[in-house]
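Computed from the coordinates by the stated procedures, all read-outs in this text should not be read as laboratory data. This is a predicted model, so every value here is computed, not measured. Positions of Cβ are backbone-derived with ideal geometry, glycine not excepted, and every protein chain shown enters the neighbour counts.
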Amino acid sequence: MTTSPKLSVQGLAKFYDGMPVLERVNLEVGSGSFCTIVGASGCGKSTFLRMLLSQEHPSRGQILLDGTSLPLEPTPDRGIVFQKYSVFSHLTVAENLILAQEFEASRWSGRLFGTARKAAFQTIDDLLDRIGLQPAANKYPAQLSGGMQQRLAIAQALVKKPSILLLDEPFGALDPGIRVDMHELLLGLWKELSMTVFMVTHDIHEAFKLGTRLLVFDKIRHDPQAPQAYGATVTYDLPLKSPTGQPVQSPEAIAGAIGVAQQSPFTKNAQE
Amino acid sequence: MRIINRKPSPVTALALGLLPFALTVITYAIASHYRRLDNPADKLLPSFARMGEAFWRMATVPDRRSGDLLLWLDSFDSLWRLGTGMAVSTVLALSFGIAIGFIPHVRSALAPYLSTFSLIPPITILPILFITFGLGELAKIALIVIGTAPVMIRSTAQAVLDIPREMIIKAETLGASVWQMVTRLVLPQVLPHLITSLRLSLVPAWIFLISAEAIASTSGLGYRIFLVRRYLAMDIILPYVVWITLLAFLLDRALLLLSRRAFRWHHLGGDAL
């Protein structure tokens, strides 16, 4: 690659109370990639995502975004969708979507009134149609199904047009049928907005289906006397789409190799 | 069917709900009846008619000395003290609770002090308040504030801490400043909890109010019942207790209604009591 990478991770390590969770993570990700991240539970993949978000900070090493260090706190250039609590329960669907505009327009009250508010609602009309929530625009999140809530969460995360979108098991709590719809929505938005996407998932089939690049987190060193002694790192880094558009390796082969519980999209996800 | 799966119909539920009240009234009526058989002038368990008469007199006949309608004067003064005290407590709970819950440095500075302060039994401060502020309104209101504010601040701070971290991070990624997060996220998320905490704090607030009025006052519901105690005037005390309970009940219901109206989103999950 001759162009500089969008995101560069150098010698990253993360310790909790002296126990390594992640160590020696090195990674370069080009602009527009869709990286799916899989790994066994507790291997630090969510920790990695939280560091990309600046919710947590590396114990060692650094993360560069467009060649400069990440800010120390979450900023609008990186959008986030969590598995739950991603949207504001006290605001309706439409209010959730205009909130970012209100923050930008009104420094002290963080609120728009009258015609400005109406205008803001009009700007999100297309977005509401796109995510199919137009009929639910005035409902509160608690009145929506899980799939609708996550569609709202994704739309809300994209309002500020972030260059990086982070997804932490966003579809983990959804039914398989709903997941397929969500995949289509997400892939469509990704192509349209040319974002770089990082998505943590339990479902290796989902990882293969969506990603252009698969990152597998696992421990490479094991001490049987002290299982906590070593942290995980990126053990597999696979380009997923070969020039012919065919996957280069089957999900089953990867799942077998890393010992991740293999989950077909048609079996109920036992973990959260 | 198992008893845990059997649900009363609305009519049954109402009847069951009224039953303990009816039993209390009936028990009292019987006890009062037999006492008055022995001594028609019995003061301890007066008849309902006598209590109604006394209550009516307090509500409609001007006091011979001052010309005031005592019940309304007492109610107004007590509610004014209670309302002012609770308003001050609410403002303190919001400002300090949000600062402590949201800003780690403020939390480090104030949380230990607050938890120590809230352990002081408020009544023990009453003499200090009377000495410092005199026997006027200020001391009574201060007692209500000192008695309720620490707990309300702590529960508000806890409510702030209980806001899912995900929401706060999401707000940051949407470009919110700290102040904007306070006004658009923390405040609306915390207000329903503040109302709950206010409803719970009204119970000790009444206790402090009645105590302060009993010790040093010239008006108020607490002052009145402790005054007429000297004449064993149960025909005034008992209706006054019922009246105070009714006022407390109405306040509580009004706050619940306010919460349901203003924070509909908070009650969507279905909650009880």
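The table that follows gives values for the structure above.
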| read-out | value |
| --- | --- |
| Positive-end residue, chain B charge dipole about Cα centroid, Cβ charges, pick of B:I98, B:H33, B:L268 | B:L268 |
| Size of chain A as Cα extents on the principal axes (Å, biggest first) | 64, 40, 40 |
| Spatially proximal aspartates and glutamates relative to B:K43 (Cα-Cα < 20 Å; intrachain offsets below 8 disregarded) | B:E53, B:D235 |
| Cα pair count fraction exceeding 29 Å, expressed as % - the protein assembly as shown | 66 percent |
| More than 30 angstrom apart: percent of Cα pairs within the stretch B:51-267 | 35 percent |
| Cα radius of gyration and Dmax for the stretch B:1-126 (Å) | 25.0, 70 |
| Reachable aspartates and glutamates, given that their alpha-carbon falls under 15 Å from the alpha-carbon of A:K14 and they are not under 8 places away in the same chain | A:E23, A:E56, A:D218 |
| Rel. contact order, % - alpha carbon contacts under 8 angstrom, at least six apart, chain A | 26 percent |
| Exercise: per-residue mean of other protein chain Cβ atoms within 10 Å, B:180-190 | 4 |
| Angle in degrees between helix A:114-123 and the longest Cα principal axis of chain A, rounded to the nearest 10 | 50 degrees |
| 10 Å binning of all Cα-Cα separations within the stretch B:88-166, expressed as whole percents from 0 upward | 20, 43, 27, 9, 2, 0 |
| Cross-link pairs A:K160/A:K219; A:K84/A:K191; A:K6/A:K219; A:K118/A:K161; A:K118/A:K160; A:K45/A:K139 - those with Cα-Cα distance over 30 Å | A:K160/A:K219; A:K45/A:K139 |
| Gaussian network model of chain B, Cα within-10 Å springs - most flexible of B:P122, B:P239, B:P112 | B:P112 |
| Nearest 10 degrees, 0 to 90: helix B:122-133 Cα axis against chain B principal axis | 90 degrees |
| Per-residue Cβ neighbour rank within 10 angstrom, fewest leading, B:S75, B:S217 | B:S75, B:S217 |
| Ranking of B:Y34, B:Y223 by count of other Cβ atoms within 10 Å, fewest first | B:Y34, B:Y223 |
| Mean separation of Cα contacts under 8 Å, 6 or more apart, over the residue count of the stretch B:51-267: relative contact order % | 27 percent |
| Helix axis angle, A:176-193 relative to chain A longest principal axis, alpha carbon, degrees | 80 degrees |
| Alpha-carbon centroids, the stretch B:14-75 and the stretch A:110-146: separation in whole Å | 57 Å |
| B:T245 versus A:Y16: modelled label distance in nm, points set 7 Å from Cα along the beta carbon direction | 5.2 nm |
| Label zone at A:L193, where the point sits 7 Å out along the Cα-to-Cβ direction: the stretch A:38-76 residues whose backbone N lies under 14 Å | A:76 |
| Burial ordering of A:H202, A:H57, fewest other beta-carbon atoms within 10 Å first | A:H57, A:H202 |
| Quarter of the Cα convex hull surface for the stretch A:1-150, i.e. its orientation-mean projected area (nm²) | 12.1 nm² |
| Percentage relative contact order, the stretch B:112-221, counting C-alpha pairs under 8 Å, at least six apart | 36 percent |
| Within chain A, helix-based [θ] at 222 nm, where runs of 4 or more DSSP H residues each add -39,500 (n - 2.57), nearest 500 | -9000 deg cm²/dmol |
| Stretch gain in nm, segment B:S66-B:I3, where the contour uses 0.36 nm per residue and the Cα spacing is subtracted | 16.8 nm |
| Cα centre as origin, Lys/Arg/Asp/Glu Cβ charges: the stretch A:96-150 dipole, Debye | 200 debye |
